[in-house]
Structure formats: structure tokens, C-alpha cells
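What follows is one structure encoded as C-alpha cells, with my remarks underneath.
The values are calculated or read from the model by the stated rules, or taken from the named source; none is laboratory data. If you're wondering where the values come from, they're calculated on a predicted model, not measured in any experiment. No Cβ is skipped: glycine too gets one built from the backbone with ideal geometry, and neighbour counts run over all protein chains shown. Quick note on the areas: whole protein, heavy atoms, side chains included, nothing else; ligands and nucleic acids left out. Shrake-Rupley method; radii C 1.70, N 1.55, O 1.52, S 1.80 Å.
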Amino acid sequence: MCGIVGLFLKDKALEPRLGALLADMLVTMTDRGPDSAGIAIYGGGVEGMARITVQTPDPARDYTGLAEKLAATVGEADVDVRDTHAIITVAASRLEAARAALREISPRLRVMSAGENIAIFKEVGLPADVVKRFGIAAMSGTHGVGHTRMATESAVTTLGAHPFSTGPDQCLVHNGSLSNHNNLRRRLKALGMTFETENDSEVAAAFISQQIAAGLGLGEALTGALQELDGFFTFVVGTKSGFGVLRDPIACKPAVMAETDQYVAFGSEYRAFAGLPGVERARVWEPRPATVYFWEREAA
């Protein structure tokens with residue numbers, strides 16, 4: 001039993017409040033899973049630049065002098081430390097070089113996300129503590145997803161927390177359990193993908209990112225997940241410009257959505273929407289089984 005929230009903003013006037021709204025939604029879902037929590041925020045990207053969000057159990061040791069160490073290999077790098085995490089900004093053309101450099105600098109530096117717009121923050125602990133540690137409420141953006149976990153498939157660790165990001169500007173949160181994830185993990189490894197946990201949700205994230213990397217749109221990738229993934233699940237997926245929801249054909253995991261002229265919201269329970277502006281006027285519905293829902297922002 002886990003708690004999922006998601007918010008896709010249509011109204012630019014709400015963008016400065018994205019972090020605060022998502023944080024409130026996630027904290028409301030605390031009793032669905034108190035083991036760990038995480039949030040992915042999309043927004044604030046700069047053309048020609050890319051961001052890598054990293055985590056370490058030893059921030060004082062690993063972040064001291066990190067910008068200078070990276071500069072020696074990849075050129076100018078900005079390091080914005082947020083508790084155990086740091087957002088590293090480099091030229092987009094140097095993104096993969098920066099990831100390689102981080103592996104050389106310290107094996108403790110673990111990549112949470114990479115891309116132009118995404119930043120993921122996740123840790124063991126209650127949602128209220130996690131969002132406070134990273135200052136989520138002060139963050140702005142266009143859309144985001146959050147997850148509070150009750151660990152049933154793998155250990156309670158930072159890496160085992162959601163969201164999982166396995167491709168550029170892509171992430172996934174999951175409530176449920178997959179029965180064929182080990183077979184699918186082997187297939188994806190044969191295609192060159194790597195995994196950091198035994199969590200079935202990481203496999204789902206990897207499958208969808210592989211589909212997107214192959215040229216499929218978000219809707220097509222989610223349709224492919226229906227065909228390839230077996231089990232009971234609710235997915236909320238984020239991409240650079242999009243936000244998608246998918247439930248398995250049985251749909252035994254709770255899910256509800258709310259849409260207004262200002263936003264589209266997802267919650268494991270309706271009470272996650274209580275603090276959203278104008279929710280009393282929202283169209284509220286339960287997403288149908290085996291049905292792909294997605295929204296995408298228009299290109300700037």
C-alpha cells in the first residue's frame with residue numbers, strides 16, 4: 001500500500017506554487033506508506049543546459065569542492081546543495097561526460113535524475129520530514145509527481161524509494177506489484193540498460209523510458225506497458241512535457257483524478273486534493289482500467 005500524487009499545471013499563474021501544492025498532497029497520503037518519500041519537480045530548465053540530481057550519505061565530504069572537480073573534466077558546473085542531494089547544472093552537450101566524472105569522483109554519489117527540466121528528491125522517512133529537508137514547498141515548476149512508500153518488494157532505502165528515473169527527464173511512481181519484472185529486467189539488460197535496485201517499479205520505469213527512447217510518444221509507451229507488464233499496478237509517469245496515468249486491467253489499486261481549467265491532479269485518495277484551489281468545481285473521476293491517460297504541454 002503506497003500513496004501516489006501528481007499535478008500537471010495548465011495555468012502558468014500556479015507554477016510558483018507547484019512545490020507547495022505537491023508537498024501538501026503528499027503529506028496527506030502519509031498513512032499509505034511511512035517508509036520513504038520522494039518528489040519529482042519539472043521546471044526551471046535553461047536552454048542548452050542540463051541538470052543531474054545526485055544524492056550521497058556524506059554531503060560534507062562529497063559536495064565540498066565538487067564544482068571544481070567537475071570543472072576540471074567537463075567545464076563549468078554549478079552545484080546547488082539541498083541537504084543530502086545536489087542539483088548539478090552543466091552544458092547539455094556535457095551531460096554524459098558529467099555522469100562519468102561523478103562515478104570517478106566518488107562511488108557514493110548516486111544519480112537520482114538527469115535531464116533538462118527534472119529534479120528528483122527522495123529519502124527514507126516521513127513525507128513531512130522529506131519535503132521539509134529539501135524545501136519542496138518553495139519550488140516552482142510546471143508539473144510533478146510524488147510517492148510515499150510502504151516497502152513490500154524491496155528494502156527500505158533511498159535508492160528503493162520512488163520516483164524512479166531511468167531516462168532523460170523521465171520518471172515513474174507505482175502502487176502495486178509486477179509478476180514478470182525479473183524476466184523483463186533480463187530483456188532490458190540485454191538492450192544495455194542497467195539497474196540499481198531489485199524493485200519491480202524500476203523495471204517499469206526502465207521499460208517506459210526504453211519505449212520513449214525508441215521514438216514512441218508517452219501515450220504509445222504506456223500502451224506498450226499494458227501489453228508487456230503483468231501484475232496489478234497504478235503508474236503515474238512524468239516526462240519533460242508530459243504527465244500520464246495507467247492502471248492495469250483489474251484496477252484493484254485506488255486512484256482518483258480531478259481536472260479544472262487550471263490543472264490535472266492525481267491522488268491515491270480523494271483527500272489528496274483537499275488543498276487544491278477550486279477543487280470544489282473540478283471534474284472528478286476514477287481512471288478506467290487498462291486505459292491510457294496523458295496530458296502534454298505545448299512546445300514553447
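Here the label points at Ala100 and Arg271, each 7 Å from Cα along the C-beta direction, are separated by 5.1 nm in the simple model. Among the GluC sites (Glu not before Pro) in segment 53-132, those located in a DSSP loop and surrounded by at most 13 other Cβ atoms within 10 Å of their own Cβ are Glu76. As a check on your grasp of the helix formula, calculate [θ] at 222 nm for the chain: sum -39500 (n - 2.57) over DSSP H runs of n ≥ 4, divide by the residue count, round to the nearest 500. -7500 deg cm²/dmol, from helical runs alone.
With protein chains left intact and a 1.4 Å probe, residues in the chain average 41 Å² of accessible area per residue. Subtracting the Cα-Cα distance of Glu68 and Asp31 from 0.36 nm times their residue separation leaves 9.1 nm of extension gain. The Cβ shell under 11 Å around Arg283 holds other residues with a net charge of -1, Lys and Arg each +1, Asp and Glu each -1.
Farthest toward the positive end of the dipole of the chain, out of Leu109, Ala214, Ala151, is the Cα of Ala151, where the dipole comes from beta carbon charges about the Cα centre. Over segment 196-288, Cα pairs under 8 Å with separation of 6+ residues give a relative contact order of 19 percent. Element breakdown for segment 1-112 at a 1.4 angstrom probe: carbon and sulfur atoms account for 51% of the accessible area. With a Förster radius of 35 Å applied to the C-beta separation of Lys12 and Asp80, the computed FRET efficiency comes to 0.90.
Extension gain for Thr197 to Thr152 (0.36 nm times residue separation, less C-alpha to C-alpha distance): 14.8 nm.
Using a cutoff of 8 angstrom between alpha carbon atoms and counting only pairs six or more residues apart, the relative contact order for the chain works out to 24 percent.
When both segment 78-155 and segment 180-219 are represented by their alpha-carbon centers, they are found 20 Å apart. Extension gain, Leu159 to Arg108: 0.36 nm times the residue separation minus the Cα-Cα distance gives 17.2 nm. Grab the beta carbon distance between Trp285 and Arg186, set R0 = 51 Å, and tell me the FRET efficiency rounded to 0.05. Result of the calculation: an efficiency of 0.85.
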